[in-house]
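S.K.: The structure under discussion is supplied below as structure tokens; questions concerning it will follow.
The values are calculated or read from the model by the stated rules, or taken from the named source; none is laboratory data. Here the structure is a predicted model, which is why all the values come from computation and not from measurement. Every residue, glycine as well, gets a Cβ built from its backbone with ideal geometry; the counts of neighbours run over all protein chains shown. We work out accessible area using only protein heavy atoms, side chains counted, and drop any ligands, DNA or RNA first. Shrake-Rupley method; radii C 1.70, N 1.55, O 1.52, S 1.80 Å.
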Amino acid sequence: MAANIAVIGTGYVGLTTGACLAHLGHDVVCADIDSQKIDRLNAGEIPILEDGLEDLVREGVQGGRLHFVLGAANSVTDREFVFLCVPTPQGEDGSADLSYIEGAARQISSSLISEAIVINKSTVPVGSTRVVEQALERPDVSVVSNPEFLREGSAVHDFLHPDRVVIGSDDQAAAIRVASIYLGLAAPLMVTDPASAETIKYASNAFLATKISYVNAIAAVCEAVGADVNDVVLGMGYDKRIGQEFLRPGPGWGGSCFPKDSHALVRIAEDAGYDFGLLKGVIEVNEQQFERVVQKVAASIDGSVDGKKIAAWGLTFKSRTDDIRDSPAIEIIHRLQAQGAVVTAYDPAIGADIKGITVCTDPYAACEAAEALVVLTEWDEFKWLDLDKVASAMVSPQVIDARNLLDRNRLRQHGFRYEGIGRS
Ligand SMILES: NC(=O)c1ccc[n+]([C@@H]2O[C@H](COP(=O)([O-])OP(=O)(O)OC[C@H]3O[C@@H](n4cnc5c(N)ncnc54)[C@H](O)[C@@H]3O)[C@@H](O)[C@H]2O)c1
């Protein structure tokens, strides 16, 4: 059954949620406080890079089921369901900053219809359902937790084909009403209490970060003992208890979620009296991984990058997104710059200089006069570039492949020195 829905926040999660819910047949109003974003959306422009999103937004708008308005309060006046998809950045002490959530709740409070359900999709610590209830001061309105698990780069696909939908509520009737929104999806639907729903989200992200840190630590062991990490993870992944997903060595994890969510979970545990040493170790291994890549680059040019020209391919935190929030690529480039390197970067999703980094619009131009090339994001197009053209642009053709992305045999045939992660 089609529902009247408002989505507060039109970022990666909110815009995807709004467009996908409209695709499922619901009537959706998306709101943001960013007037430029709303103007662009109303002009038919999609402010983010996300596979399939533009088509879905167009479909929703043309079908009259998807609208964009400025300001949260304006979007909720006749809505039965209101999704909160606002940021929950890391606060100074590592905990999640709930000010956007509380602010949005206060803004919509007096405009909500009676019996509306406010659904929290933002990633929030245990107890935040209560925080939203307090900010709303509307006993006639239910608040339900519904964490989101989509991945940037495949957000639309993940929203429409989720591994599960988790609903956290102590109010069974409200949980059933929220479940009805998702009837168009073929996915397991789980109803639990709000604290468990909120914990599922953090526990899942921290587990995925743990897998990556684990494989990066195994990559360091592989380098020490002369094993090939790619073969090691392939052999591990055939074990169904382990699986192949998230077992790729790389420059460390980052992005808009894993760093803040892992720190928040350490803090949540600490506040509750548990010292989450395992997760602290996972974060520590990740910090070391950034430095390991920096050291590999330095080792490739006589131990120091000071005054050296370095080319970097990749700036986004992973491929198929334009998101650079907490990107390991940016972190590593900044560390190289701090040691005196002159870095020129290329990324297919980034068209201008950012965060003190010179960005070329051509991968070969980024390599001009470089003493080393470091590959930091796993964009497919890097695999197919003209290696002779790259080699002739560089002072010395050598690649530090922090994603184990390129064909090392092919590179060596073209005269490159090659260094990967966990394999030589
Ligand atoms: N990005 C992801 O891959 C992902 C995945 C799962 C969960 N999450 C969680 O979802 C939440 C949102 O993440 P995101 O990446 O979409 O953030 P984002 O920064 O891309 O988008 C948030 C949007 O909310 C808007 N906003 C802030 N306050 C508002 C208000 N009062 N009224 C209306 N709009 C407001 C901002 O202007 C912005 O456009 C976070 O809690 C995040 O942890 C993110």
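S.K.: When DSSP assigns beta bridges and you keep just the ones with both residues in region 283-401, what percent turn out antiparallel, to the nearest 5?
M.R.: 10 percent
S.K.: Still on this model: Starting from the amide H of Asp193, placed 1.01 Å from N in the peptide plane, find each other amide H under 5 Å away whose residue is 5 or more places distant or on another chain.
M.R.: Answer set, sorted by chain and number: Ser169.
S.K.: Turning to a different aspect of this structure: Run the numbers for Asp275 and Lys240: contour at 0.36 nm per residue of separation, minus the present Cα-Cα distance, in nm. Don't skip to the end; give the middle numbers.
M.R.: Details: separation 35, 0.36 × 35 = 12.60 nm, distance 3.07 nm.
Roughly 9.5 nm would be gained on extension.
S.K.: Can you list the HN-Hα couplings for region 175-186, worked out from phi with the Karplus curve (6.51, -1.76, 1.60; θ = phi - 60°), rounded to whole Hz and with x for Gly and Pro?
M.R.: 4, 5, 4, 5, 4, 5, 4, 9, 4, x, 9, 9
S.K.: Using amide H atoms built 1.01 Å from N in the peptide plane, name the residues 5+ places from Val342, or on other chains, whose amide H lies under 5 Å from its own.
M.R.: Gly307, Lys308, Lys309, Ile310
S.K.: Which pairs, out of Lys309/Lys389; Lys201/Lys240; Lys211/Lys240; Lys355/Lys389; Lys308/Lys383; Lys201/Lys260, put more than 19 Å between their alpha-carbon atoms?
M.R.: In this structure, Lys201/Lys240; Lys355/Lys389; Lys308/Lys383 lie more than 19 Å apart at Cα.
S.K.: Scan region 367-404 for trypsin sites (Lys or Arg not before Pro) in coil per DSSP, keeping those whose Cβ has at most 16 other Cβ atoms within 10 Å, and list them by number.
M.R.: Passing sites in region 367-404 do not exist.
S.K.: Let me ask something else about it. Kindly give Rg over Rh for region 39-172, based on alpha-carbon atoms, with the Kirkwood expression for the hydrodynamic radius.
M.R.: Using Cα coordinates only, the ratio equals 0.97.
S.K.: Now for a separate question. Ignoring ligands, DNA and RNA, what percent of the 1.4 Å accessible area of the chain is carbon and sulfur?
M.R.: Carbon plus sulfur share of accessible area: 52 percent.
S.K.: A further question follows. Region 111-238: percent of C-alpha pairs farther apart than 20 Å?
M.R.: 56 percent
S.K.: If you count only protein heavy atoms with a 1.4 Å probe, what accessible area per residue comes out for the chain, rounded to a whole Å²?
M.R.: Ligands and nucleic acids excluded, the result is 43 Å² per residue.
S.K.: Farthest toward the dipole's positive end in the chain, which of Pro251, Ala195, Leu373, given Cβ charges of +1 (Lys, Arg) and -1 (Asp, Glu) about the Cα centre?
M.R.: With unit charges placed on the Cβ atoms, the residue in question is Leu373.
S.K.: Follow-up. Name the most mobile residue of Val118, Val61, Val294, meaning the one with the largest mean-square fluctuation, in a Gaussian network model of the chain with Cα contacts below 10 Å.
M.R.: Val61
S.K.: Taking 0.36 nm per residue of separation and subtracting the Cα-Cα distance, what length does fully extending Asp302 through Glu287 add?
M.R.: Length gained, Asp302 through Glu287: 3.1 nm.
S.K.: Could you work out the pair-distance distribution P(r) of region 284-386 from its alpha-carbon pairs, with 5 angstrom bin width and percents rounded to whole numbers?
M.R.: 2, 14, 26, 27, 20, 10, 2, 0
S.K.: Which one of Ala116, Ser142, Phe317 is farthest out on the positive end of the charge dipole of the chain, using unit charges on Cβ (Lys, Arg +1; Asp, Glu -1) and the Cα centre as origin?
M.R.: Going by the charge dipole, the pick is Phe317.
S.K.: I would also like to ask the following. Which value, in debye to the nearest 20, describes the size of the charge dipole of the chain about its Cα centre when Lys and Arg Cβ atoms bear +1, Asp and Glu Cβ atoms bear -1, and nothing else is charged?
M.R.: With Lys and Arg at +1 and Asp and Glu at -1, about 740 debye.
S.K.: Also, quick follow-up: When the Karplus curve 6.51 cos²θ - 1.76 cosθ + 1.60 is applied with θ = phi - 60°, which whole-Hz ³J(HN,Hα) does each residue of region 135-140 get, with x for Gly and Pro?
M.R.: 5, 6, 6, 10, x, 7
S.K.: Another question, if that's okay. Lys and Arg at +1, Asp and Glu at -1: add these up for the other residues within a Cβ distance under 15 Å of Val143 and post the number.
M.R.: -4
S.K.: Let me ask something additional. Once amide H atoms are built 1.01 Å from N in the peptide plane, which residues 5 or more positions from Ser256, or in another chain, come under 5 Å H to H?
M.R.: For Ser256, whose amide H was placed from the backbone, there are no distant partners under 5 Å.
S.K.: Separate question: With a 1.4 Å probe and all protein chains kept in place, how much accessible area does His157 have, in Å² rounded to the nearest 10?
M.R.: 100 Å²
S.K.: Among the chymotrypsin sites (Phe, Trp or Tyr not before Pro) within region 236-289, which fall in a DSSP loop and have no more than 12 other Cβ atoms within 10 Å of their own Cβ?
M.R.: Loop-located and lightly packed - Tyr238, Tyr274.
S.K.: Now, a different point. Specify, per residue and in Å³, the volume enclosed by the convex hull of the alpha carbon atoms belonging to the chain.
M.R.: Here the figure is 148 Å³ per residue.
S.K.: If I model a spin label as a point 7 Å beyond the Cα along the Cα-Cβ vector, how far apart are those points for Ala369 and Ile46 in nm?
M.R.: 3.9 nm
S.K.: Let me ask another. Applying the Karplus parametrisation 6.51 cos²θ - 1.76 cosθ + 1.60 with θ = phi - 60° to the phi angles of region 307-316, what ³J(HN,Hα) value in whole Hz is obtained for each residue in order, glycine and proline being reported as x?
M.R.: Along region 307-316, the couplings run x, 8, 8, 10, 9, 10, 9, x, 10, 5 Hz.
S.K.: Let me ask something else. Given Gly11, Ala72, Ala269, which one lies farthest toward the positive end of the charge dipole of the chain, if we put +1 on the Cβ of every Lys and Arg and -1 on the Cβ of every Asp and Glu?
M.R.: Farthest towards the positive pole: Ala269.
S.K.: Quick one: net charge around Ala269, please, counting Lys, Arg +1 and Asp, Glu -1 for every other residue with C-beta under 14 Å from its C-beta. Spell out each step's value before the answer.
M.R.: On the way: positive: Arg267, Lys280; negative: Asp93, Glu198, Asp261, Glu270, Asp271, Asp275.
After counting each charged neighbour, the total is -4.
S.K.: Quick one: work out the % antiparallel among DSSP beta bridges in the chain, nearest 5.
M.R.: In the chain, approximately 10 percent of DSSP beta bridges are antiparallel ones.
S.K.: Where Lys and Arg each count +1 and Asp and Glu each count -1, what net charge lies around Ala197 among other residues with Cβ under 14 Å from its Cβ? Could the numbers behind the result be given before it?
M.R.: Values: positive: Lys121, Arg130, Arg164, Lys201; negative: Glu148, Asp170, Asp171, Asp193, Glu198.
Here the charged neighbours net out to -1.
S.K.: Further, regarding this structure: Suppose every K and R has +1 on its Cβ and every D and E has -1 on its Cβ; what is the size of the dipole of region 9-118 about the Cα centre, in Debye to the nearest 20?
M.R.: Numbers: 6 positive and 17 negative charges, 58 e Å.
The dipole magnitude comes to about 280 debye.
S.K.: Let me spell out the model: positive unit charges on the Cβ of Lys and Arg, negative unit charges on the Cβ of Asp and Glu, origin at the Cα centre of region 93-224. What dipole size does that give, in debye rounded to 20? Write out the running numbers ahead of the final one.
M.R.: Values: 9 positive and 16 negative charges, 51 e Å.
That gives region 93-224 a dipole magnitude of about 240 debye.
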